[in-house]
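Please read the structure below before turning to the comments.
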Amino acid sequence: MKKAAFTAAVILVALAIGKVAQQDRAQAQQSSAAGGLFPNDFGPAAIDVSSYPKQYQETYEVFLQKCSVCHTIARTINSQFLEMSEAEQAQMKKTQPELFKDPKILEIDPHIWSRYVHRMMDKPGCPVGKDGKRIWQFLVYDSIARKTGKNFASWKKMREKLVKDFKIQHPARYKELFNEGQ
């Protein structure tokens, strides 16, 4: 009888701990959604990868599955991040200098996607795991494909609208993100 009571008590404690952990995750997601908004969150939540090489089409599906666990896909695909080596940046400054004018539109850095993917992977419960490198490679490729060259004008127009609307709808968060008025 004592063994059955002990087992029941252990099960109840485990259930209680699980319930608390579940509540903590839900609260963290609500907190992030409420106070952690970004202009990116209000843009498109999907991209057309049909013209991408097969490896990136396949990785896009992995990216959707893994990254949507913790945040919206819109947050990632509408971000201003563009990863380019120093040499690539030097070349782009000659051929497309407009890319470098406004960090709200494009924030260009040689390791920006690598840092963000690693930051996400360091978070407890992150499902990315062994797919981190593939996701990082996809994000680098996708950003260059959709945000530069002939696509820059449409990217800039979409991103400017996201930032403008966000400033109107969430002025305090806008100031926090872009250090305006401080």
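The values are calculated or read from the model by the stated rules, or taken from the named source; none is laboratory data. Just so you know, these numbers come straight off a predicted model, no measurement behind them. Neighbour counts run over all protein chains shown; Cβ positions are idealised from the backbone, glycine included.
When Met120 is tested against (1) hydrophobic (A, V, I, L, M, F, W, C); (2) farther than 19 Å from Asp48 by Cβ; (3) in a helix (DSSP H, G or I); (4) modelled with pLDDT of 95 or more, just one condition goes unmet, and that condition is (4). Only one of the listed residues (Lys167, Lys157, Lys147, Lys175) is within 18 Å of Asn40 (Cα to Cα) and touching a Gly at 6+ places or on another chain (Cβ under 6 Å). That residue is Lys175. When Ile105, Ile144, Ile135 are screened for being of a type in the set (Val, Ile, Thr), part of a loop (DSSP other than H, G, I, E, B) and out of contact with any His (no Cβ under 7 Å at 6 or more places or on another chain), only Ile105 passes. Of the listed requirements (1) of a type in the set (D, E, K, R); (2) within 30 Å of Ser51 (Cβ to Cβ); (3) at pLDDT 95 or above, Lys130 misses just one: (3).
For the range 166-179, the set of residues classified as more than 15 Å from Ala74 (Cα to Cα), surrounded by 12 or more Cβ atoms within 10 Å (Cβ to Cβ) and of a type outside the set (S, T, N, Q) consists of Lys167, His170, Pro171, Arg173, Tyr174, Lys175, Glu176, Leu177, Phe178, listed by residue number. Looking only at the range 35-52, which residues are within 15 Å of the chain's Cα centre (by Cα) and among the β-branched types (Val, Ile, Thr)? Within the range 35-52, Ile47 is the sole residue that qualifies. Counting only residues that are among the charged types (D, E, K, R) and surrounded by fewer than 17 Cβ atoms within 10 Å (Cβ to Cβ), the range 127-165 holds 8 of them. Listed conditions (1) touching a residue at least 40 places away in the same chain (Cβ under 8 Å); (2) under 25 Å from Val49 (Cα atoms) are all met by His111, apart from (1).
Tell me the helices (runs of 4 or more DSSP H) entirely within the range 9-100 that contain at least 1 residues that are loosely packed, with under 11 Cβ neighbours inside 10 Å and modelled with pLDDT of 95 or more.
Where helices (runs of 4 or more DSSP H) fall fully within the range 9-100 and carry at least 1 residues being loosely packed, with under 11 Cβ neighbours inside 10 Å and modelled with pLDDT of 95 or more, they are 54-67, 86-95.
Selection of the range 53-79 for residues being more than 10 Å from the chain's Cα centre (by Cα) and more than 21 Å from Pro124 (Cβ to Cβ) yields Pro53, Lys54, Gln55, Tyr56, Gln57, Glu58, Thr59, Tyr60, Glu61, Leu64. Going through the range 101-112 one residue at a time, which ones are crowded, with 19+ Cβ neighbours inside 10 Å and under 19 Å from Trp136 (Cβ atoms)? Leu106, Ile108, Ile112 - these are the residues of the range 101-112 that are crowded, with 19+ Cβ neighbours inside 10 Å and under 19 Å from Trp136 (Cβ atoms).
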